[in-house]
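To start, the structure itself, in structure tokens.
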Amino acid sequence: MAGKITPSMMCAPLDKIGCYVKAFEENQVEYLHIDVMDGQFVPNLMLGTAYISSLRKITSIPLDIHLMIVNPESKLDWFDIQPGEYVSIHYESTPHVQRALQTIKSKGGKTMVALNPGTPIEVLRYLLPDLDGVLLMTVNPGFAGQKLIPQGLDKIRDTRKFLDDMGYPQIEIEVDGNVSWENIPKMAAAGTDLYVAGTSSLFNDKVPVEESVKRFRSLI
Ligand SMILES: O=C(CO)[C@@H](O)[C@H](O)COP(=O)(O)O
């Protein structure tokens, strides 16, 4: 199955958001990746609820909301989750992962658990029936422009095998962090389904966005 592109909107300069969104619509990217950061779970603040509301006013591309916040289960109402949108919560961010997933599902969202680079995939075992996707961080969460943590590629392969062996081949794998022209083919070969496209691929203003999207598509 061909991969899906979810551009990381934290990488879009404010004065160019409209141009990027228009190009993404014309090139049918599947989602827009929204990094929400609270300065507690990660050492950065990024993209809040007002940004999400404003973005929804200018595009109908489904959102892929990545919550890098503590205790997300108590804040899900803030995001006006729309049917078919992905919402990912970090396994490491709350003792109440299942409750958060059930709430996302009750709002019509697609559920995703995000794992920091060092978190073993076995923690997913008892969450699998509640999951539509798994988000694997291939950099430490919080900042764009970082370099791939090399063992992240093995983790993608191991996660795909784990999901298939456990009888959940339908659960999608999303990869976030240094999804670069060099790394994309390796991530694809390892079993990635959704690609968070950031500063190392789509958001490089030396090349027209539509050209970059076409190049991205050719690699997945
Ligand atoms: O959100 C994060 C890390 O938390 C980033 O991974 C961005 O989502 C994409 O940026 P690049 O890694 O592609 O520069």
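What order, most packed first, do the peptides 26-35, 3-12 have when packing is the mean number of other Cβ atoms within 10 Å of each residue?
Values: 26-35: 20.4, 3-12: 23.1.
Result, highest mean Cβ count within 10 Å first: 3-12, 26-35.
Rounded to the nearest Å, what's the spacing between the alpha carbon centres of the stretch 41-88 and the stretch 158-220? Just the number, please.
Cα centroid of the stretch 41-88 versus Cα centroid of the stretch 158-220: 21 Å apart.
How big is the stretch 87-159 on each of its three principal axes, counting only the C-alpha atoms and giving the largest first in Å?
Rounded to whole Å, the extents work out to 36, 24, 20 Å.
Using a 1.4 Å probe on the protein chains only, how many percent of the accessible area of the stretch 4-219 belongs to carbon and sulfur?
Values: 4990 of 9300 Å².
The computed percentage sits at 54.
When the convex hull of the C-alpha atoms of the chain is computed, what volume per residue in Å³ does it have? Don't jump to the answer; show the numbers that get you there.
Details: hull volume 24.4 nm³, N = 220.
So the per-residue hull volume is 111 Å³.
What share of Cα pairs, in percent, lie more than 16 angstrom apart in the stretch 14-53? Don't skip to the answer; put the middle values down first.
Details: 384 of 780 pairs.
Roughly 49 percent, rounded to a whole number.
Looking at the chain only, what percent of DSSP beta bridges run antiparallel? Nearest 5 please. Could the numbers behind the result be given before it?
Details: 2 of 34 bridges.
Here the share of antiparallel DSSP bridges comes out near 5 percent.
Viscosity 1.567 mPa s, temperature 4 °C: Stokes-Einstein D of the stretch 1-121 from its Kirkwood Cα radius, in µm² per second? Don't skip to the end; give the middle numbers.
On the way: Rh = 14.9 Å.
After rounding, the answer is 87 µm²/s.
As an exercise, use a Förster radius of 22 Å and the Cβ-Cβ distance of residue 74 and residue 125 to find the FRET efficiency, rounded to the nearest 0.05.
Working: r = 25 Å, r/R0 = 1.13.
Once the sixth-power term is evaluated, E becomes 0.30.
Keeping all protein chains in place, calculate the accessible area per residue for the stretch 55-152 (probe 1.4 angstrom), answer in Å². Display every interim value, and only then the final one.
Values: 4140 Å² over 98 residues.
Result: 42 Å² per residue.
The values are calculated or read from the model by the stated rules, or taken from the named source; none is laboratory data. The structure displayed is predicted, hence computed values, not measured ones. Heads up, the Cβs are rebuilt from the backbone with ideal geometry, glycines too, and the neighbour counts pull from every protein chain shown. Just the protein is used for accessible areas: all its heavy atoms, side chains included, with ligands, DNA and RNA removed. Shrake-Rupley method; radii C 1.70, N 1.55, O 1.52, S 1.80 Å.
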